[in-house]
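Values quoted throughout were computed directly from the atomic coordinates according to the rules given, and no laboratory measurement underlies them. The structure displayed is predicted, hence computed values, not measured ones. Because the Cβ atoms are built from the backbone with ideal geometry, glycine has one as well, and the counts that use them run over all protein chains shown.
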């Protein structure tokens, strides 16, 4: 059974299901309830997170398990790491992924390394939920997509759901995973609706989904750029080219096989990633395919990414900054040549 | 702020006094041995020795069980020993051997044993502070009576994590004891230079919690103050900052020339202000331990440390497969 709900509601649903299932699951972060110690908001909370994603959860589980933290990311993220190591299963919200600068040590040097440094004798079942994504006119410090930063770090798992169904299943996997997981919530997807499974279900990490089959081109989209890739594929189909669109769903672990097998079939690869272009998910996937499927490539791998610049504020500039279907189609045209592209 | 240099023996049993003396000796002899072996070039990497600060770890951990958690620092050997980590496993870890507490994958700066409530030495100054409140949060959410102790240096008191963690522990009334080992130096800079405050415990006033400064070379004083702080934490009365003024007998790291130290202060620390000699005298004067008992413990510890060194030396290095195992639980 499925039910139509938004990406935001899918997150809320997953958290409630997890908290009902396991009393060790707690939700913590800045104003995840809001209004702490304000008498008339004690039960219902104020915000439920800055975008209202966790609204109402405090009403069901109370403030012992839905904990508003001070705006002190290093302090509460470090607390979440150790709470995980000592028996809880915290969901710790980093309001915007751009704030990682204030608590990178806790994630990179503590959460990610405990299991390894301590010889496999400690575990950190921590889920970090964080908001990423441009397209909201939130400017350079609230719009980045920093999943590559976390993918770089051994010991962390990185999840980039592109739709409500995946969000719920991947978030539930994350919460009940015994390793630290960072789940990216694209702020522009919160209102997007889709069919979502009812009750508890999980989606395994490291399993990409082929969103659309095709033989002429493989497009790998990261996060919400899966949707951009699908739009481009529609337009290419009208020109007679069949693009296969792959959503990796998780960047760490990465389902290399699905991508490589697709490229072996199509001979062409475009990666669509709205993050910065250097040392990114796009460059990583390009390198892997270059290494493992070079002989199958009919054209150089293309990356459709943001430019190497911060996210601009002004709406027309931000629009120029982001990937779009036209950029993907132009990249494909450069791969097959103008003659082939226009004569088909 | 109050400074206590003397505390009564009324709360210390003979059994506890023996445990305290043995643990202090274990730390001292362990560190002296590591110092000697490091000089010979047989220990890889960075080593930061705890000698001189024994009274702090031991005086505090004397009140803890395996269910209580501690967080530590880069100077963590003493905390590990006081919290009950296995000496053989510790020495093997420092030697990088497969039989080490962390299979040789952590080393001196990351020795841990979560089964003993030892959440790891830590290579990052200030990192243990938020971790300690996390352990305190677990105790609060799960409604156990466990406490968390954060050992940190005076250097870390200048770090933002100190203030974030103390503030959070205070507003949430967490069962956490922040034990500052104020040895007067953060690396090669003095506390007087690097900190605006005279006493780390004075920050407690701003956070509206209990703060106390004691003579950290006097295990009796530490034991007494820590006992009260641990009891407050177990009773749900919130956190304490316990500042122990102490001294680092060796340098910041092994190989440090220590040109920043005052020679007279160093001499005094190694002799009349030595925390182990001071406790020997105290224990004898107050008839907690006899000379013979002290000698017997010294000899027992000597044998333990020799055993640990031999165990480490005889242990194999980790298998090549260990480079990439234990990165994830499932991947």
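Summary table
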{"read-out": "Percent of beta bridges antiparallel (DSSP, the stretch B:78-221, rounded to nearest 5)", "value": "35 percent"}
{"read-out": "Exercise: per-residue mean of other protein chain Cβ atoms within 10 Å, A:98-106", "value": "2"}
{"read-out": "Within chain B, helix-based [θ] at 222 nm, where runs of 4 or more DSSP H residues each add -39,500 (n - 2.57), nearest 500", "value": "-13000 deg cm²/dmol"}
{"read-out": "Rounded to 5, percent antiparallel among DSSP beta bridges of the stretch A:211-344", "value": "10 percent"}
{"read-out": "The stretch B:3-317, relative contact order [Cα under 8 Å, separation at least 6], %", "value": "25 percent"}
{"read-out": "Dimensions (Å) - the protein assembly as shown, Cα atoms, principal axes, largest first", "value": "100, 62, 45"}
{"read-out": "Likely footprinting exposure, A:106, A:93, fewest C-beta neighbours within 10 Å first", "value": "A:93, A:106"}
{"read-out": "Highest-fluctuation residue, B:218, B:273, B:264 considered, GNM on chain B with Cα pairs under 10 Å", "value": "B:264"}
{"read-out": "Estimated 222 nm signal from helices in chain A, with DSSP H stretches of n ≥ 4 weighted -39500 (n - 2.57), rounded to 500", "value": "-10000 deg cm²/dmol"}
{"read-out": "Sorted by Cβ neighbour density within 10 Å, fewest at the top, the residues A:230, B:131", "value": "A:230, B:131"}
{"read-out": "Inter-probe distance in nm under a simple model that places probes 7 Å from Cα toward Cβ, at residue A:21 and residue A:298", "value": "4.4 nm"}
{"read-out": "Sequence of A:209, A:185 once ranked by neighbouring C-beta atoms within 10 Å, starting from the fewest", "value": "A:209, A:185"}
{"read-out": "Within a Gaussian network of chain B (alpha carbon springs, distance under 10 Å), most fluctuating of B:280, B:22, B:258", "value": "B:258"}
{"read-out": "Bridge type composition, the protein assembly as shown - antiparallel percent by DSSP, nearest 5", "value": "20 percent"}
{"read-out": "Gaussian network model of chain A, Cα within-10 Å springs - most flexible of A:70, A:253, A:307", "value": "A:70"}
{"read-out": "Length-normalised contact order of chain A in % [C-alpha pairs under 8 Å, at least 6 apart]", "value": "16 percent"}
{"read-out": "Long-range Cα-Cα pairs in chain B (distance over 25 Å), rounded percent", "value": "48 percent"}
